[in-house]
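The values are calculated or read from the model by the stated rules, or taken from the named source; none is laboratory data. Quick caveat, the model's predicted, so the values are computed rather than measured. Cβ placement follows ideal geometry from the backbone for every residue including glycine, while neighbour counts extend to all protein chains displayed.
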């Protein structure tokens, strides 16, 4: 701890070095000095700060360090320890999320649609403590088709009608009324038809006036069954879960644009694992953050500890040119200017032939091509240019 | 020297003026070791060193005493460069 009179002095000193040391370290310094059991004098504060500065500057990396190679190895080596099992209960039994090595490959390949898209939707204060309200939002966004509330169907050739028998239990489960189904079917473009109530309130007879063939009738039935009643495209299931004090919606499927427009959704906390959606809706920097976050998630789940800066280097490289490109033939590696580097990666002959036909020039600036011809690499010691002027006697 | 402080990383470049990177140090020692091994005359008094000293140890001692007449050209990504003389670098 420090005397109250010294508090200002500490603040001032920390303010001076705020441009040199990162914020996290300054906060740690402040906390540990203030909370130290013994008393710390002004001179000791000075000494502590000086030692911290010295320690910090001597641990910065030296110019010339092969940061990319180090990052690649730092992620690749724990990667060999990752198991290949892909499924994991994300807290909910029905949802299986891709994790581990396959997910890491998905992220690094910048795949547009992940194999298990998933969203975690937090609700606004008004909605988050009320289970009914949460359920209403979940029902609103879950993509419901006619076929999911249908018990059975049949075709009546005599009157050229499609008969649909609805399941009252499913209707209640999905929060759908018979009128909603009728309304959705009415919107279809199937020529002239009329919807009548059948034997009971849950049966609909859809009679077609101008249907000429039986196959047309079957096609119409298919179309009716796959008609959307409500919900957002892409959200296969929406499940309400209690997370501590609040209710949260976990979805199987992802539709960021749609979800952001739903009332009751806390827009500042919506989470998704679909990189492409985030890049398109929230921008490239958000996409970059998500890449780093998703990779860290994969490694953490496997119990592997990789420093954040290696992961951030990967996400920085992937987003360097303005959109998310994959590390691979159609992205970062494929856009290298060196012919030999591309040829050494994949499709060797094609690259060499095209380069020869075009008259490309190989400049030998990078790592791969210099290794191929046996020259020192322009990193580390290979980056040092010395000249000597022996003293003349 | 005045243009350096205008750069956004001017302070960073200046902070390295009196330091050698580990890569520069390795390169200098290895180059000097090769010279000595191929018959160059040591620039320090051999009597101050132990009897069975290796070329590399001579080179390390020469660097430590700051008597090597070597300069380093440090290139920046924008094409500019900085020339640093080892003799000016404080004893490492």
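Numerical summary
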quantity	calculated
Evaluation of residue A:65 against (1) part of a loop (DSSP other than H, G, I, E, B); (2) farther than 28 Å from residue A:310 by Cα (one fails), failing number	(2)
Some residue of the stretch A:241-250 being touching a residue at least 40 places away in the same chain (Cβ under 8 Å), assigned by TED's automatic domain parsing to the domain that holds residue A:129, over 12 Å from the mean Cα position of the chain (by Cα) and part of a loop (DSSP other than H, G, I, E, B)	yes
Unique residue being surrounded by fewer than 16 Cβ atoms within 10 Å (Cβ to Cβ), more than 10 Å from chain A (Cβ to nearest Cβ) and modelled with pLDDT of 90 or more when the list is B:51, B:64	B:64
Residue within the stretch A:287-310 that is without any contact (Cβ under 8 Å) to a residue 12 or more places away in the chain and in contact with a helix residue (DSSP H, G or I) (Cβ under 6 Å, 6 or more places away or on another chain) present	no
All positions within the stretch A:17-31 that are surrounded by 10 or more Cβ atoms within 10 Å (Cβ to Cβ) and more than 18 Å from residue A:4 (Cβ to Cβ)	A:17, A:18, A:20, A:21, A:22, A:25, A:26, A:27, A:28, A:29
Candidates B:32, B:18 - the one that is exposed (fewer than 13 other Cβ atoms within 10 Å of the Cβ), within 14 Å of chain A (Cβ to nearest Cβ) and in contact (Cβ under 8 Å) with a residue 12 or more places away in the chain	B:18
Test: residue in the stretch A:146-153 that is in a helix (DSSP H, G or I), under 30 Å from residue A:246 (Cβ atoms) and not assigned by TED's automatic domain parsing to the domain that holds residue A:248	yes
Only listed residue being farther than 30 Å from residue B:40 by Cα, more than 19 Å from the chain's Cα centre (by Cα) and surrounded by 13 or more Cβ atoms within 10 Å (Cβ to Cβ), chosen from A:379, A:304	A:304
Tally of residues being over 30 Å from residue A:366 (Cα atoms) and more than 13 Å from chain B (Cβ to nearest Cβ) across the stretch A:18-69	34
Residues within the stretch A:207-241 that are closer than 24 Å to residue A:126 by Cα and in contact with a helix residue (DSSP H, G or I) (Cβ under 8 Å, 6 or more places away or on another chain), tallied	7
